[in-house]
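A.B. asks: Quick one: the structure is below, and I'll ask about it shortly.
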Amino acid sequence: MAQAASDLRSRTLADIPRSLDRLIYLASMRDYNTGLYYHDGLASRFTQEVACEALADCHREAFSQLVGCSLRELVSQMEGYIDSTHTSPRDFVAAWKKLEPYRVAVPVETDPLTAQLLFSSFKIALAILEARLPSIPPQPSA
Amino acid sequence: MISLIFFLSVGLLLFSSLFLLARRNTRPEGSSSALVEARQALRTLQAGLLPLELVNRVFAEQDWEYVRSETPRSIHELFLDERKGLALLWLRQVRIQIRSLQRFHRGAARHYARLNPRTEVELALSFAALMGACRALQFLVFVAGPYAAPRMVGVVANAANRACKISEQSLGFLDKARLGALGHASDAAML
């Protein structure tokens, strides 16, 4: 499993420098119905079980790195992430505030308090990003 | 009429006593499930609640400095509310797990004569001091916010870690004692 995790880190994850992006990416590799992770390339080099374990391991690692970030760092990572998605910051902030997608990006068996800490930090970071958005100019009345 | 009221009162008293007795936890305090519960509480404390990185993150003053210096006032209140909620949640969880350990040790001390009395007394004092410190910190955080007593956070976390270590030693002994008892039981069964 260690070899598969190392392979994943040196190939796929090497191109994803921010832990927030890694967390989102790795969470998207997980089947919501079974909780198992799938990665065809990794499974073909190793086995499906080993690939699943490696992905879970890297997911836990990304989560732990993000929890360890300061609020300043989290805000900066979110700004970078918004840039990389090519979404308008206003739409992004509105969607994340409404849907709270980060709640499903947490690895299984995460300690509830740690998860709560990250959710709370995301909430504050989104409020900071929202406050930084340029105000919309008033529409000229007809 | 007076005797009717008297007998009804006696009946009600007996019924209440029976009800309270039935509601009492009937699980023996020295049982395996109590030991498993204590182990679980210890694990939750050591792996989930007391790691230094987590405690430092929850009470990180650098986050507050960042919010205070670089964000508008509207964010300040949100930040303090969120961190206060987290701090109180952390303290509540620590107290719940410590109380669970305390309950177990109180029961175990009655069941296992070979437990080191000095360790158990030390543990009882640690638990009592810790619960008091948790209560005081909870009050301070509730009244004055998450950054009211940073030193006390460290004191509580260190005291909890110390109590966990002493408890772990005791639980280690109890595990051996239980395994020994199971070994004797299986030997007897084989004979």
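Since every read-out is calculated from the coordinates, none of them should be taken as a lab result. Owing to the predicted nature of the structure, the values given are computational and were not obtained by experimental measurement. No Cβ is skipped: glycine too gets one built from the backbone with ideal geometry, and neighbour counts run over all protein chains shown.
A.B. asks: Under a crude label model (7 Å from the Cα following the beta-carbon direction), how far is B:Leu20 from A:Gln139 in nanometres?
C.D. replies: 6.9 nm
A.B. asks: Provide the packing ranking of B:116-124, B:141-149, i.e. peptides ordered by the mean count of other C-beta atoms within 10 Å per residue, highest first.
C.D. replies: Output ranking for B:116-124, B:141-149: B:141-149, B:116-124.
A.B. asks: In whole Å, what are the extents of the stretch A:92-142 along the principal axes defined by its C-alpha atoms, from largest to smallest?
C.D. replies: 57, 16, 10
A.B. asks: Whole Å is fine, so just give me how far the alpha carbon centre of the stretch B:49-85 lies from that of the stretch A:104-135.
C.D. replies: Here the answer is 12 Å between Cα centres.
A.B. asks: Right, next: Considering every residue in A:71-84, what mean count of other chain Cβ atoms within 10 Å of its Cβ is obtained?
C.D. replies: Average per residue, whole number: 2.
A.B. asks: Quick check: net charge around A:Ala2, other residues with Cβ under 10 Å of its Cβ, Lys/Arg +1 and Asp/Glu -1?
C.D. replies: Charge balance near A:Ala2 sits at -3.
A.B. asks: So what does the Cα-only Debye profile of chain A read at q = 0.11, 0.15 Å⁻¹, as log10 I(q)/I(0), no solvent term?
C.D. replies: -0.46, -0.78
A.B. asks: Convert each backbone phi in the stretch A:60-71 into a coupling constant with the Karplus relation 6.51 cos²θ - 1.76 cosθ + 1.60 (shift: θ = phi - 60°), then list the ³J(HN,Hα) values in order as whole Hz, x for Gly and Pro.
C.D. replies: 4, 5, 5, 4, 5, 5, 5, 5, x, 6, 6, 4
A.B. asks: How many Cβ atoms of partner chains, on average, are near each residue of A:124-134 if near means within 10 Å of its Cβ?
C.D. replies: 3
A.B. asks: Starting from the Kirkwood radius over alpha-carbon pairs of the protein assembly as shown, derive D by Stokes-Einstein at 4 °C in a medium of 1.567 mPa s and give it in µm² s⁻¹.
C.D. replies: Roughly 54 µm²/s, to the nearest whole number.
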